[in-house]
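A short write-up of the structure that comes next.
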Amino acid sequence: MTEPDNDDKNSLTILPEGGRVVIIGGGPGGTACALALDRLAAETGRRLQITVLESKHFSEEQHYNQCAGVLSPPLPALLEERLGIPFPRQLCLVEIDGYVLHSAEEQIQLVGEKDGSIAVRRVEFDAHMLEQVKQRGISVWPLRATDIEFWPDHVMVYTENEPIEADVVVGAFGLDEGSASMFSRMTQYRPPKSIDSIVTKFQPDEASPDNFGSNIHAFLPRHPRIEFGAVTPKCSHLTINIAGTTVDSLLMDAFLKNPTVQAVVPFAENDLPSKNPHLLYHKGRFPRSLARGFYGDRYVMIGDAAGLVRAFKGKGATTAVMTGIRAADVIMNNGISEQAFDDHYRTANRDIIDDLPYGKFMRLVTISISRLGLLDMVLRAAKRSPDLRSALYEAVSGHGTYREIIGKSLRPNTVRAVLRAMFSSET
């Protein structure tokens, strides 16, 4: 590629009238970016050509989303106040009241003042968002992007059908390896490191979702390859997931047969996939680090593709929408150059980026505590320490920053509670 001359560089400082934006990916981040761009263009009287590329058919439920489907604040406010669309409360399956954290021998109920999280079927939420884009008259192509070229005055995006030119491209493709490879060949972009996840849905005969309650049950087993697991209530079923660097179907079998999990959701041998064809496992990934080069001249990544998620916890849908809106703000108000994204997009996402090192540290500490069999002691201490209980709630729910969580965990009364629990367990 040739280096842009000064006029080309100046053209990157502002999206031109009639500017062309191509968004690769029609999930929550991509649709939020499209809706935010459309709204900003209407408010400022500018013309935009927005095209969303999404080959999946969410409305026909031909695809399974590996996300557990828990939508967290401030997502409703973002949709209604920033995008001008209704939050789909009709899709609400369960309003989450709190969390139950389990160790091998202990469990603790964790409840905040008002959780506000809502369990939904993610495929239905994604379909709702894409439908809102179509209702705004924004072009949606049911195609995959197959290659990309960057030129001084435009970007060429190749699809399965015809190519499309753009002034700027937004990467909202999650951890799709094909899309990541396109950008890695042509730019400094390198996708984030990831963690595996396996998800299934299940309705045991003995415990219907109605009787299960509205708490998410979280597990930190001592297994060296399972970092955490969860059981999330939905109206018609329970969503069960595990995550780890290299989890597989056999590990999910082992997790379901774990006595601690069995105490919450009793699985019979015939409930496992080898005996029950209705229990299907779906494998996916989510980021555990920030992507390298997640923006540059004429391109910017949002959500999972950028690694802009809450470390260890995720909150993928909420942060995808948030970063999609932030990218739209920069494109419309500051420009489409690497410098504009560095000055404004990175700065707008400081709340996520600055917390990533604390989240990485917290992840390593949590894994170590679990592997060493110390989690029982921590939960006993939390029952005596409001600060530690609050820190655990914010860690599990994803409502607090990890910097704040670590601060609460190191307060003198919290340390004393842990020491008391340690000494009492030794006597």
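Data for the structure
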item	result
Residues whose placed amide H lies under 5 Å from that of Glu227, excluding near-sequence neighbours	Ala243, Gly244, Thr245
For Ile195, distant residues with modelled amide H under 5 Å away	Phe286, Arg288
Alpha carbon Rg of the chain, scaled by the compact-globule rule 2.2 N^0.38 Å	1.03
Among beta bridges that DSSP assigns inside the chain, antiparallel share in %, nearest 5	65 percent
Loop GluC sites (Glu not before Pro), the range 70-157 (other Cβ atoms within 10 Å of the site Cβ: 11 or fewer; DSSP)	Glu113
Karplus-derived HN-Hα couplings along the range 370-386 (A = 6.51, B = -1.76, C = 1.60, θ = phi - 60°), whole Hz, x at Gly and Pro	5, 5, 7, x, 9, 5, 4, 5, 5, 5, 5, 5, 5, 5, 9, 10, x
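Laboratory data are not the source of any read-out in this text; all were calculated from the coordinates shown. Quick caveat: nothing in here was measured; it's all calculated off a predicted structure. For neighbour counting, all protein chains shown are included, and Cβ atoms are generated from backbone atoms with ideal geometry for every residue, glycine included.
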